[in-house]
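Data block below; observations after.
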Amino acid sequence: MGNGATPRVRRNVQSLIADGDSGQKVLDDYARAITEMRKRDSGPGDPRDPLSWRFQAAIHGYPGVPGSIVHKNLWGSCQHASWFFLPWHRLYLFHFERIVQFHLGDPSWSLPYWDYARPDESARRLPEPFRVPASDANPLYTDRRRSTTNSASAAQAIPTRWTSPLDALRIQDFALPPEDPAESFAGGVFDKPDPPQGTPGSLEQVPHGSVHGFVGGEAGETDAGDGRPGLMSRFETAGLDPIFWLHHANIDRLWDVWIERWGASELPDDAAWLKTEFEFFDSDGTKSSREIGDILVSGDLGYVYESTEPPDELEVPERREILGIAAPGPRKRAGMPPVRLIGAAGDVPFASRSTVDIGLEGERRELLMAARPDTPDRWYLRVEDVVGESPRTPGYDVYVNLPEDERGDAHPELRAGGIPSFGIPEASRPDSAHGGTGITDVFDITDVVATIEGSGGWDASNVKVTIVPVNGDDDPEKGGDVRARRISVYAG
Ligand code: C2O
């Protein structure tokens, strides 16, 4: 590692399958290692062996263990909703991969990744070896997944809007202070790891959180029939689903894609981030730790990805170009007018489709409008403090000015983005580090506003935001008990 040796290649699972026997062997080896790890599981009690399957999952989350990085077994230490998300999970995967290599006696084995963003629909289906054969004899299979995603013969593809990393990859700001009105690629800036924090980056939400929810499913959506959400839907069970590791390899890869697009110089240079270290168990069962500053180049950890090429579509902010609206650009660019609050609405329930008015009336609005330039060229929608214990859907679509009697899927041009359910219950617990204040999600709606402006329908004093739970049109309670304490619009 880091000694000039040629790095191993983490392969796309779809290319492995296309390769035939040699590719299949990588997946067979993975299945064999999982079987070895499960042999080390110590029955239903607390896991005891760091090299066992349940212990490895417990490091991500374990029932009854509040999130922290100080547990003696490192349980419940996953980092979410902050700029620690990517580096923590990078190291989690790195050590897991070493443990798989140990079980196989093969230091060349490399974790594959699931690239659900490739254009063909099959890429958006759960890879076949994970759902066929649908039997416990298949170590890659579990019935604790959303049944429509997990079907052996008729698996549904996850909708593109929930698998695409494009919105995230277009963001140049790696991390921003949690109170910044703009969105970041990788999460809010916090002094220290203290999970779960409340400001996920765009990538952590979509595709990361959404793929968790579309694979896991919520209560009533899985085949297991036990009334519990699927494994991938909660921190304390996610690592028990074999697809978790391939999903995270892709998220880790997308970090490299972002670096390829924007350059390593855009990574934070704050000591609070670079000097933070995380501990994991290594393949000899002892703890080892590394600083974030030492893991920014995946090749230094001994691996590279089959492809880290930024997608072609990344370069074309189409609607913005057509309408001649300036690109918002990085927040770091000097000389831009500040972004200001235009309006807000409080306490919005997500149980079913709901629409709120954002426009500010009267004097306050006059003041705010007077304080900003004639034509704001950056618009942000913030959905703040989203809390709830029991979502019943993988996520919520967020629209601006969606006509009342029309379905959201008929208006992709009015969609601000999506809020996955993943992470909301964990961030809502009163015993969590931030007292259950929930998740805040930010969307750049410059293009959406430009589209509405282009059709002559934009009026900053009459902005409506509509939340639609996935499949909420067919089931009026689909959104569960989730709600946002505030939804606000900023411009500048
Ligand atoms: Cu720590 Cu994908 O989760």
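The values are calculated or read from the model by the stated rules, or taken from the named source; none is laboratory data. Keep in mind the model is a prediction, meaning the values are calculated, not measured. Counting neighbours? That spans all protein chains shown, and the Cβs are built from the backbone with ideal geometry, glycine included.
A few comments on the model shown:
Conditions tested, residue by residue: (1) touching a Cys at 6+ places or on another chain (Cβ under 8 Å); (2) aliphatic (A, V, I, L, M); (3) surrounded by fewer than 13 Cβ atoms within 10 Å (Cβ to Cβ).
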residue: 12; (1), (2), (3): no, no, no
residue: 20; (1), (2), (3): no, no, yes
residue: 33; (1), (2), (3): no, yes, no
residue: 49; (1), (2), (3): no, no, no
residue: 58; (1), (2), (3): no, yes, no
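- Test: residue 6 is among the β-branched types (Val, Ile, Thr) and more than 22 Å from residue 252 (Cα to Cα): no
- All positions within the stretch 65-90 that are more than 20 Å from residue 241 (Cβ to Cβ) and either within 15 Å of the ligand (Cβ to nearest atom) or not aliphatic (A, V, I, L, M) (or both): 66, 68, 69, 71, 72, 73, 81, 82, 83, 84, 86, 87
- Residues in the stretch 441-468 that are closer than 16 Å to residue 487 by Cα and of a type outside the set (A, V, I, L, M): 441, 443, 444, 461, 462, 464, 466.
- Residue 296 vs. criteria more than 16 Å from the ligand (Cβ to nearest atom) and either in a loop (DSSP other than H, G, I, E, B) or in contact with a Lys or Arg (Cβ under 6 Å, 6 or more places away or on another chain) (or both): yes
- Where residue 57 falls short, out of the listed (1) free of Cβ contacts under 8 Å to residues at least 60 places away in the same chain; (2) under 19 Å from the mean Cα position of the chain (by Cα): (1)
- Qualifying residue in the stretch 116-134 (condition: free of Cβ contacts under 8 Å to residues at least 24 places away in the same chain and under 22 Å from the mean Cα position of the chain (by Cα)): yes
- Of the helices (runs of 4 or more DSSP H) lying entirely inside the stretch 146-254, those carrying at least 3 residues that are of a type outside the set (S, T, N, Q), within 16 Å of the ligand (Cβ to nearest atom) and crowded, with 22+ Cβ neighbours inside 10 Å are 210-216.
- Tally, over the stretch 50-64, of residues that are basic (Lys, Arg) and within 11 Å of the ligand (Cβ to nearest atom): 0
- Residue satisfying all of: in the stretch 440-458; among the charged types (D, E, K, R) and assigned to a helix (DSSP H, G or I); surrounded by the most Cβ atoms within 10 Å (Cβ to Cβ) among these: 447
- Test: residue in the stretch 173-181 that is in contact (Cβ under 8 Å) with a residue 40 or more places away in the chain, closer than 28 Å to residue 126 by Cα and not hydrophobic (A, V, I, L, M, F, W, C): no
- Where a residue in the stretch 350-368 is under 30 Å from residue 471 (Cα atoms) and modelled with pLDDT under 95 and its partner, wherever it lies, is surrounded by fewer than 18 Cβ atoms within 10 Å (Cβ to Cβ) and hydroxyl-bearing (Ser, Thr, Tyr), with Cβ under 7 Å and at least six apart: 359/461
- Residue within the stretch 272-287 that is part of a helix (DSSP H, G or I) and either aromatic (Phe, Trp, Tyr) or touching a residue at least 40 places away in the same chain (Cβ under 8 Å) (or both) present: yes
- The residue that is surrounded by the most Cβ atoms within 10 Å (Cβ to Cβ), among those in the stretch 73-113 that are outside any helix (DSSP H, G or I) and under 14 Å from the mean Cα position of the chain (by Cα), is 83.
- Residue selected from the stretch 391-417 under the condition within 21 Å of residue 380 (Cα to Cα), away from the ligand (no atom under 16 Å from the Cβ) and within 21 Å of the chain's Cα centre (by Cα), by the criterion surrounded by the fewest Cβ atoms within 10 Å (Cβ to Cβ): 412
- Among the residues of the stretch 255-271, those identified as within 16 Å of the chain's Cα centre (by Cα), in contact (Cβ under 8 Å) with a residue 60 or more places away in the chain and away from the ligand (no atom under 16 Å from the Cβ) are 257, 258.
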